[in-house]
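The values are calculated or read from the model by the stated rules, or taken from the named source; none is laboratory data. Only a predicted model underlies this, so the values are computations on that prediction, with no experimental measurement involved. Note: ideal-geometry Cβ built from the backbone for every residue, glycine included; neighbour counts use all protein chains shown. The protein model used for the area step is the full one, side chains on, heavy atoms only, and it has no ligands, DNA or RNA in it. Shrake-Rupley method; radii C 1.70, N 1.55, O 1.52, S 1.80 Å.
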Amino acid sequence: MPPQDKTTNLTESPWPIGEMLVKAGQISLNHVEAALAHQSKQIEPDLIGEILVREGIISQPELMAFLVAKFFEERKEYAAQPLPPTAIRFAGVEKTLDGRKVLDRVDLEIPQGKITAIIGVSGGGKSVSLKHMIGLMAPDRGQVFVGDQELGSLTKKQLLRVRERFSMLFQGSALFDSMNVFDNVAFPLREKTRHDPETIAKMVRKTLAQVGLSGMDAKFPDELSGGMMKRVALARALVTQPEIILLDEPTAGLDPIIENAIHHLICDTFMRARYTMVIISHAIPQIFNWCHHVLVLHEGKILESGPSVVVMESQHPVIKQFINGNLTGPIKVI
Amino acid sequence: MFLFLLTSLFGVVRPPYRLDNLLKQIVFIGIHSLFVIVLTAAFAGMVLALQGYYILSRFGSEGMVGPMVALAIVQELGPVLTALMVTGRAGSAMAGELGVMRIKEQIDALESMGINPLKYLIAPRVEASLITLPVLTAIFNVVGIFGGYLVAVQLLGMSSGTYWGGIESKLAAKDIYISIIKSFSFGLIVAWVCTYMGYFTTRGAEGVGRSITSAVVLTSVLVLIWDYFITSVML
Ligand SMILES: Nc1ncnc2c1ncn2[C@@H]1O[C@H](COP(=O)(O)OP(=O)(O)OP(=O)(O)O)[C@@H](O)[C@H]1O
Ligand SMILES: [Mg+2]
């Protein structure tokens, strides 16, 4: 992973997770140093958690609970902090599909190294805007920037390069029918990295275990339930550890327990590596707890954007109606 | 549509070469079409011999059955029928598979991973088609001529020396050359049209059905038109 400019104090430390744990009094500094002393290779910061678990200093569930608690604190503080740099920016993006203006001069900014949720009514253009971010759709007018690169000005080859910094979970999962679960998750690693087959197998098994699908390796997509497919697709998106992760409704169609587990998993993954994450979700109001930043997309426009704690309290009638799920209000349903 | 062809052809010639994908496609197009090709070839040869024998016997030149069967098959029926059979068997399946991949966003998923789908999906199919069609056509030709032999010699009592001798003296290298050129260009048409139709599928399951139909119809028509064109130039 290329170096990112990490903005918060916690992440400037060479082993942020270890330091967080020490600061919180969960473990002692000696523990961390002892564990790290065993390691021969150069240590990647996001692996510290793994190492501590492997050395038996902290258990996996303890670590996850700790990270999630940390995330909740951080999420509250986010509102008071200056805005982080933007990872993705739309400038006046317009898109007409089948004669309908789906995006109408949308300006938006996705903060770098944060979790951003996009919410809004069905058919409001959320998936379409996600596809613009990764260049699968091009705006009719306006520009999409990833970092400081404008996607419309790139050659096809440069665009493929940019996409390598992303991974995306599609609303319909988009698993490859002709491959089993294992091969689906291994696919991006085989195509885009030089890991040997053993490493790949290890990474795939680990990610599948994280989404609760151990032992499903040999199943084919048509033998899975909708929720299982979602989780395989999530595993495929997380396994490559890119910079930016786009998730189109990762919890749609899942039972509440798995939904909660997936939210924990996303949060845990985020805390270890500080990806820029964009999540489209209809899991209202839960999703507000699992993101720093919220964008409300309505009728092709950004209605509101800001820290989740702020948007949650928004008095905008549309947003209030949406959050409460009322049938009466500015959004006409029936 | 030309751009589509050019880009995927570019994918054919540029590394990294995907041997595993290519082999899979060769097996799919080639090996799985073999049975149907052999069957068609045998009966095409047999019926040609039968028809030819009765027609030629009216002119008292039934000795020419061998060369007639061989020339008709090598120059025309071999390449054309092979292309049509492969279109029906493998081309339709190609269009269908790519169509489903399109509507289920699997092609988008490839792109989102930074993989060029033209290179990953289309190039191996075009390559495999270019390789297998000439081979299948050669097999068709041989089997067809043997089918003719069965009818002419075993059934109608022609001497086997006359049958083979006629073929040997009349079948020239140029005929085989034409057969190869035709089958090669048909290979291009089949893969190009069928993958194109599948790749640009829209509108759900119905769209996939429509893509398959247009792929088969358009390929068959183009094969016949191109056949006429190439024949008129090369004869
Ligand atoms: N490929 C396409 N071709 C034509 N129209 C499209 C296409 N994709 C989306 N649309 C249209 O764009 C609009 C927005 O679609 P989009 O998928 O972005 O909605 P969404 O906000 O993701 O909704 P949901 O929450 O139901 O997923 C819809 O009216 C849809 O019909
Ligand atoms: Mg959507």
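Here are a few things to note about the model shown:
- Acute angle (nearest 10 degrees) that the helix B:2-13 long axis makes with the longest principal axis of chain B, alpha-carbon atoms: 80 degrees
- In chain B, the portion of solvent-accessible area held by carbon and sulfur atoms comes to 74 percent [1.4 Å probe, whole percent, DNA, RNA and ligands not counted].
- The dipole here belongs to the protein assembly as shown: it is taken about the Cα centre, uses +1 on the Cβ of Lys and Arg and -1 on the Cβ of Asp and Glu, and is about 840 debye.
- Taking the stretch B:171-205 and a reference point 7 angstrom along Cα→Cβ of B:HIS32, the backbone N atoms nearer than 16 Å belong to B:191, B:194-195, B:198.
- Under 5 Å, built H, 5+ apart or other chain: amide partners of A:ILE118: A:ILE279, A:ILE280, A:SER281, A:LEU295
- ³J(HN,Hα), Karplus 6.51/-1.76/1.60, whole Hz, each residue of the stretch B:117-133, x for Gly, Pro: x, 4, 6, 7, 9, 7, 3, x, 5, 5, 4, 4, 5, 5, 7, 6, 4
- Protein heavy-atom accessible area occluded, B/A pair - total, 1.4 Å probe, Å²: 1700 Å²
- Here chain A has an Rg and Dmax of 20.2, 64 Å, counting Cα atoms alone.
- Computed over chain A with a Gaussian network model linking Cα atoms closer than 10 Å, the most mobile of A:PRO250, A:PRO139, A:PRO317 is A:PRO317.
- Calculated mean residue ellipticity at 222 nm for the protein assembly as shown: -17500 deg cm²/dmol, from DSSP H runs with n ≥ 4 weighted as -39500 (n - 2.57), summed, divided by the residue count and rounded to 500.
- Dimensions (Å) - the stretch B:22-129, Cα atoms, principal axes, largest first: 69, 20, 18
- Where chain B is the region considered: accessible area per residue in Å², 1.4 Å probe: 45 Å²
- Per-residue mean of C-beta atoms belonging to partner chains within 10 Å, peptide A:162-169: 3
- Amide H contacts for A:HIS298 (H built 1.01 Å from N in the peptide plane; partners 5 or more residues away or on another chain; cut-off under 5 Å): A:LEU303.
- Dipole orientation for chain A: of the candidates A:ILE110, A:ALA261, A:GLY49, A:ILE110 has the Cα lying most toward the positive pole (charges on Cβ; Lys, Arg +1; Asp, Glu -1).
- Calculated FRET value between A:ALA209 and A:GLU62, using beta carbons and R₀ = 22 Å, to 0.05: 0.80
- Qualifying lysines (Cα of each under 29 Å from Cα of B:LYS182; at least 8 residues distant if same chain): B:LYS24, B:LYS119, B:LYS170, B:LYS174
- Test item: A:173-184 mean partner chain Cβ contacts at 10 Å: 3
- Using θ = phi - 60° and Karplus 6.51 cos²θ - 1.76 cosθ + 1.60, couplings along the stretch B:89-96 (whole Hz; Gly, Pro as x): 8, 9, x, 5, 5, 4, 4, x
- Per DSSP, loop chymotrypsin sites (Phe, Trp or Tyr not before Pro) in the stretch B:134-202 with at most 16 further Cβ within 10 Å: B:PHE200
- Kirkwood hydrodynamic radius computed over chain B comes to 18.8 Å, based on all pairs of distinct alpha carbons.
- Portion, in percent, of the accessible area of chain A that falls on carbon or sulfur, probe 1.4 Å: 52 percent
- Lysines whose Cα lies under 25 Å from that of A:LYS206, excluding same-chain neighbours fewer than 8 positions away: A:LYS41, A:LYS70, A:LYS114, A:LYS192, A:LYS219, A:LYS230
- Cα centroid separation - the stretch A:51-81 against the stretch A:279-334, whole Å: 27 Å
- Annotation for the stretch A:121-151 versus the stretch A:193-267: alpha-carbon center distance of 25 Å.
- Average beta carbon contacts from partner chains per residue of B:96-105, 10 Å cutoff: 3
- Here the calculated FRET efficiency for B:PHE200 and A:ASP177, from their Cβ-Cβ distance with R0 = 22 Å, stands at 0.70, rounded to the nearest 0.05.
- Helix axis angle, A:181-192 relative to chain A longest principal axis, alpha carbon, degrees: 90 degrees
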